[in-house]
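Worksheet: the structure to be examined is printed underneath.
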Amino acid sequence: MSLAPPAKGTAPPASGPPLSGLLALSTAAFTAVLTELLPAGLLPRMAPALGVSEGRVGFLVTGYAVSFLAAVPLTAALRGLPRRRVLTGTLLGFALCNAVTALSSWYALTFAARLGAGVMGGTLWAMLVGYAARMVPAERRGRAIAIVLGGITLALSLGVPAGTALADAVGWRAAFGVLSVLATLLVLWVRWRVPGLPGEPAGGRVPLRRVAALPGIVTVLSVTLLLLLGHQVMYTYVAPFAAHTGFGHTGVVLLVFGVATVVGIWIVGALVDAHLRRTLLTALALIACAMAALAVSAGDPLVLLVSVALWGAAFGGAPTLIQTALVDASGPAHADVATSLQTTVYNAGIAAGSLTGGLVLESAGATALPWTSLPLIAAAVGVVAVGRWRAFPARRPA
């Protein structure tokens, strides 16, 4: 299938990765993930303040993720604009939405702010990986993506536990206030260190349906959906699950998960450019093993923490592996469009997973959560195993 050539300005530089710019993009990822997942660690605190149940507060995660459906049309509408301008606009949007969340005592207004933040997140995620891919040579693409997506790891390992600790000390509203300030300061960093890249000229814009039809794209999107469904069923409701097992220290559980993701992203950063398929299969199999252990023996605190650590290490590197596979399938010139599709699927998985987890929690109890997650992760392993020749080849394209 013949696609239009890359737009002018998409060629990567001959030198190594512009580290400061990549770290700014990584911090943007950190801000987005923390904005999305912070309610998962604050369910018991937010529910009384907003006058709703913990299950309904969990739907704030669902609402954020559902609004990512705007990623595809927004990305299409903004393709012609300079990339840095779009990036700074989304960060300012994050600042506003988090400020409203910090100040609101009305569930409906808080939910609306979360929807707005989700729209910003959808726009941001559609461009981050493509931005990183255009900033470096092809042989360093996987590592550059790992640096940018390391913001996910930091959000999970440091951000969510720190936000939970801050909520313990001074209240959950302060955590969202800090996020608002962070997004505002990040705008200055982006303008200072992230290179300006052009949008796509009108004549070079490939229709979305043609990008979606490229070999391997649908397979990568299927793995994305299954992984996030299985992960989010458990992660959104990790606080009530930990309480049900008798351990109860949610902050410790989240810290163990987050620290393990640091190990995972470091390992994947070293392996992604040479062993993408094998590393992804291993990571998904480890998550499945962790879910099985949580289902069978979570009442033992040692089993709980070891399983969470295994889950965190495996999940920490999964976004880098999947997004690198997607850019390989689409090519860097079409990465924004492909990533907008993945962003929508990714967050559809988060929305469906958090919704499913909430329904399972309220109907069958916390013990049913890992049993719900396990078959979804197992299905993801199967899709990667049979997607060898198109989406996840043994040898990556140059």
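Taken together, the values in this text are just the output of simple stated rules run on the coordinates, not laboratory data. Worth saying up front: this structure is predicted, and the values here are computed from it rather than measured. As a convention, Cβ positions derive from the backbone with ideal geometry for all residues, glycine included, and neighbour counts pool all protein chains shown.
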Using only the alpha carbons, work out the radius of gyration and Dmax of the chain in angstrom.
19.7, 61
Give the residue from Ala165, Ala113, Gly216 lying farthest towards the positive end of the charge dipole for the range 92-220; charges sit on Cβ (+1 for Lys and Arg, -1 for Asp and Glu) and the dipole is referred to the Cα centre.
Gly216
Note down the nm distance, to one decimal, between modelled labels 7 Å out along Cα→Cβ at Leu185 and at Leu92.
2.0 nm
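From the alpha carbon gyration tensor of the range 260-305, can you work out the equivalent ellipsoid semi-axes (sqrt of 5 times each eigenvalue) and give them in Å, largest to smallest?
With the √(5λ) rule applied to the range 260-305, the semi-axes are 26, 12, 4 Å.
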Nearest 10 degrees, 0 to 90: what angle lies between the long axis of helix 217-235 and the longest principal axis of the chain (Cα atoms)?
20 degrees
On average over all directions, what projected area in square nanometres does the range 149-281 have, based on the convex hull of its Cα atoms?
12.1 nm²
A correct Kirkwood calculation over the Cα atoms of the range 253-340 returns a hydrodynamic radius in Å of 13.7 Å
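When N counts the residues of the range 40-168, how does its alpha-carbon radius of gyration compare numerically with 2.2 N^0.38 Å, as a ratio? Walk me through the numbers before you get to the answer.
Values: Rg = 16.5 Å, N = 129, 2.2 N^0.38 = 13.9 Å.
Relative to the 2.2 N^0.38 Å estimate, the range 40-168 comes out at 1.19.
Before anything else, pin down the relative contact order of the chain: Cα pairs under 8 Å, at least 6 apart, normalised by residue count, whole percent. Provide the component values of the computation, followed by the final result.
Details: 741 pairs, mean separation 110.2, N = 398.
Rounded, it is 28 percent for the chain.
Strictly greater than 14 Å: what percent of every Cα pair in the range 153-200 meets that? Numbers along the way, then the final one.
Values: 714 of 1128 pairs.
Value for the range 153-200: 63 percent of Cα pairs lie more than 14 Å apart.
May I ask you to give the average projected area over all directions of the convex hull of the Cα atoms of the range 299-382, in nm² rounded to one decimal? Before the final figure, lay out each step's value.
Numbers: hull surface 25.9 nm².
Orientation-averaged projected area of the Cα hull: 6.5 nm².
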Ranked output for segments 125-133, 283-291, 72-80 by mean other Cβ atoms within 10 Å, highest leading, reads 125-133, 283-291, 72-80
Please determine, in degrees from 0 to 90 and to the nearest 10, the orientation of helix 172-193 with respect to the longest principal axis defined by the Cα atoms of the chain, where the helix direction is its Cα long axis.
10 degrees
At R0 = 56 Å, how high is the FRET efficiency between Trp192 and Cys289 if r is their beta carbon distance? Nearest 0.05 is fine.
0.80
